[in-house]
Amino acid sequence: MSPERFPRRSPRWALRLPRLLLALYGLLGFVFLYLPIAVLIVFSFNSSAVITFPLQHFTLSWYRELREDFVLLGAVRNSIVVTAVTTVGATLVGTAAAFPLVRTGFRMKRMVNLFLLLPIVIPGILTGIALLILFVPVLNLTLSLNTVIAGQIVLAGPFVVLVVASRLYGFNQQLEAAAMDLGATPWRTFWHVTFPLILPGVLAGALITFTLTFDEFIVTFFTIGPESTLPMYIWSLVKFGVTPKLNALASIIVVLTLGTLLTANSLLRRRAR
């Protein structure tokens with residue numbers, strides 16, 4: 001037989017080249033994303049007040065200054081309160097809103113869905129201005145942490161609706177029918193059958209709400225009033241330039257956020273098992 005009938009096999013390096021290029025591209029992407037965070041953390045331990053190379057001596061003085069900053073401690077306390085209340089409120093509202101959107105049929109349902117998801121599409125600055133107009137001229141409210149919480153729920157609630165609704169779309173409703181056929185009341189059916197099955201979606205929505213609320217600045221800026229939260233405190237520092245103290249604060253936020261994500265991921269995996 002003629003050897004021309006059999007195609008030549010490509011060299012091994014030619015087969016591996018696309019994978020190597022793809023791996024290199026992914027590595028460069030991760031370096032682009034996380035190298036600034038690594039540099040930020042490194043400079044938080046630099047003794048020099050000027051953020052520039054070369055680095056000076058190792059120090060923890062910037063972290064000690066954070067501990068002694070009472071304005072910062074008050075802002076952190078306010079942020080924790082706002083984040084906790086918003087996470088609970090947005091999760092409850094979003095979960096409750098997801099059920100009728102998935103399980104009921106009514107006229108103009110698509111328009112209602114679009115209306116609920118508008119805060120995701122509308123720019124944050126427009127949402128903040130709209131909330132400011134609603135709270136002050138229309139409702140005659142005094143801007144405070146309560147108005148911040150209300151605005152954050154408006155902003156984060158649609159994300160919970162999306163996550164829980166996606167979980168409900170894949171839900172087998174025959175399990176609920178079987179429970180009620182066995183004599184379970186609607187409440188017991190929800191608590192022992194429905195809720196455990198949609199719980200991963202509820203937790204995922206709560207986690208998204210937590211991450212969105214903790215560092216939200218634009219909506220907070222328009223609804224905060226005389227109070228201060230952590231994003232507002234950081235903004236007040238940035239106006240006068242980036243300092244090692246700000247790097248130390250950002251490093252603590254990165255560590256806490258990473259710990260929260262790892263803990264939530266561990267809980268979701270245990271729940272799945």
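Here, each number is a calculation from the coordinates, and none is a lab measurement. Here the structure is a predicted model, which is why all the values come from computation and not from measurement. Counting neighbours? That spans all protein chains shown, and the Cβs are built from the backbone with ideal geometry, glycine included.
Listed here are the residues, each with its yes/no results for (1) more than 20 Å from residue 67 (Cα to Cα); (2) out of contact with any Ser or Thr (no Cβ under 8 Å at 6 or more places or on another chain).
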site	(1), (2)
220	yes, no
225	yes, no
237	no, no
240	yes, yes
246	no, yes
249	no, yes
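If you take the residues in the range 166-190 that are among the charged types (D, E, K, R) and crowded, with 16+ Cβ neighbours inside 10 Å, which one is nearest to residue 98 (Cα to Cα)? Taking the candidates together, the pick is 167. Applying the set (1) within 21 Å of residue 205 (Cα to Cα); (2) in contact with a Leu (Cβ under 9 Å, 6 or more places away or on another chain); (3) of a type in the set (Phe, Trp, Tyr) to residue 190 leaves exactly one unmet item: (2). Only one of (1) in a helix (DSSP H, G or I); (2) surrounded by fewer than 15 Cβ atoms within 10 Å (Cβ to Cβ) fails for residue 56. Which number is that? In the conditions (1) in a helix (DSSP H, G or I); (2) surrounded by fewer than 15 Cβ atoms within 10 Å (Cβ to Cβ), residue 56 misses (1) alone.
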